[in-house]
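Structure first, commentary second.
The values are calculated or read from the model by the stated rules, or taken from the named source; none is laboratory data. Just so we're clear, the structure is a prediction, and the values are computed from it rather than from any experiment. All Cβ positions, glycine included, derive from the backbone under ideal geometry; neighbour counts span all protein chains shown. Just so you know, the surface numbers come from the protein's heavy atoms only, side chains and all, with ligands and any DNA or RNA stripped out. Shrake-Rupley method; radii C 1.70, N 1.55, O 1.52, S 1.80 Å.
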Amino acid sequence: MLRDGARPGRGRARDLLSRKVLGGSSAINGHLWVRGQARDFDGWAQRGCLGWSHADALPYFRRAEDRSTGADAWRGAGGPQHVSDIHARHPICEAFLAGAAELGLPRNPDYNGASQEGLFYYQRSIRAGRRMSAARSYLHPALRRPNLRVETHAHALRLEVEGRRVTGVLFRQHGRLRRAPALREVLLAAGAIGSPHLLQLSGIGDAAHLQGIGVPVLHHLPGVGDGLQDHYGPTPFEWTPQIG
C-alpha cells in the first residue's frame, strides 16, 4: 500500500494499491479494459514526444488485443490480451443508461473504438471466467523460452549505473543482495509508480528532490515522478453500527 501525498491546493491524500506479484496491478485491479484518452496521446506528441500520438499508438493497441467480437479499424483480434464484453443487462443499469440518453448523453457501444465519449458497459480482461492478467497473457506463454528466466521473491533496489549507462539491477532476494548484470540493455517496466521510484532510488531524477531525500544525484532529470494521470474513483459507503 502506497500513500499519495496531498498536493498543494487539493488538501487530500489517497492510498494506492500495489502488489508484489507476477502481473503487477493487472493481477488485482478491476480487470476493466480502458485505453487512454486519444487527446492525451496527441498532446504528448505536440509537446515533443514524437511517436506517441494516438495514431502512432493505435497499431500497438490493436496488436495487443484479442477482442471477442473480432477486429476492425480500431480493435484487434488474435493478440495476447483477451478482451470481452459484459453480456448481462441488468434492469437498473438499463434504466440508468436510458435516463442518461434522455439528457442527451450518448450510449457508446465501443468506448475503445472511434469515439471514447458516452455511457457504456465496461469491457473486461476476462476469458472463460478467468482474469487475464499481464502475466497470464504475456509471461506464461513465454516461460518455455530458453532465453527467459523469471526470478520471484526479488525486490529491485536500484539500477546499477556506470557513467551515463545502466549496466544492471541490484535486488534483494531471500535476505541476500544480488546483481543482475546486463549484456545489452535494461528495460525498466515497473509500472507508473514503480518505474520512477526506482529511477529516483538510483539517483536519476530532479536533483533538488533527490538531495532532499538523501539520494546522491547521478543524472539530473526533471519530471521523473511527476505528471501521474490516474482515474480517481471514490467509493462512497455508509457504516451503520449494529444496534442491540
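Key figures
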| read-out | value |
| --- | --- |
| The range 174-222: Cα Rg divided by the 2.2 N^0.38 Å rule of thumb | 1.30 |
| Karplus 3J(HN,Hα) series, Hz, for the range 128-144 with 6.51 cos²θ - 1.76 cosθ + 1.60 (x for Gly, Pro) | 6, x, 10, 5, 9, 6, 4, 5, 5, 7, 10, 6, 4, x, 9, 5, 7 |
| Nearest-20 debye value, the range 105-244 charge dipole, Cβ charges on Lys, Arg, Asp, Glu | 980 |
| Extension gain, Ala208 back to Ser195 (0.36 nm per residue minus Cα-Cα distance, nm) | 2.8 nm |
| Solvent-accessible ranking of Phe41, Phe96, largest area first, probe 1.4 Å | Phe96, Phe41 |
| Given charges at beta-carbon only (K, R positive; D, E negative), |dipole| of the chain in Debye | 1100 |
| Burial order of peptide ranges 61-68, 218-225 (average beta-carbon count within 10 Å, highest first) | 61-68, 218-225 |
| Ordering of 176-184, 50-58 by burial proxy (mean other Cβ atoms within 10 Å per residue, highest first) | 50-58, 176-184 |
| Whole-percent carbon and sulfur share, accessible surface of the chain, 1.4 Å | 55 |
| Theoretical gain in end-to-end length, Leu170 to His219 [0.36 nm per residue, Cα-Cα removed] | 15.8 nm |
| For the range 66-123: rounded, prolate or oblate by the Cα gyration tensor [a/c cutoff 1.5] | oblate |
| Charge dipole magnitude, Cβ of K and R +1, D and E -1 - the range 103-154, Cα centre, debye nearest 20 | 400 |
| Order of exposure, largest accessible area first, which applies to Trp239, Trp33 with probe 1.4 Å | Trp239, Trp33 |
| Isotropic mean projected area of the C-alpha convex hull, the chain (nm²) | 20.7 |
| Estimated FRET transfer efficiency (Gln116, Asn29; beta-carbon r; R0 25 Å; 0.05) | 0.85 |
| Virtual paramagnetic centre 7 Å along Cα→Cβ of Leu139, amide N under 16 Å, in the range 16-39 | 18-29 |
| Relative contact order of the chain, defined on C-alpha pairs under 8 angstrom at six or more residues apart (%) | 11 |
| Structure-based [θ]222 nm, the chain - -39500 (n - 2.57) summed over DSSP H runs of at least 4, per residue, nearest 500 | -6000 deg cm²/dmol |
| Cβ crowding within 10 Å averaged over residues, with 84-94, 156-166, 129-139 ranked highest first | 129-139, 156-166, 84-94 |
| Per residue, in Å², the accessible surface of the chain once ligands and nucleic acids are set aside, probe 1.4 Å | 72 |
| Prolate/oblate/rounded label for the range 131-240 (Cα gyration tensor, a/c 1.5) | oblate |
| Furthest towards positive pole of dipole, Leu210, Ala135, Val83, structure part the chain, Cβ charges | Ala135 |
| Three-way shape call for the range 137-182 based on the alpha-carbon gyration tensor, with the a/c threshold at 1.5 | oblate |
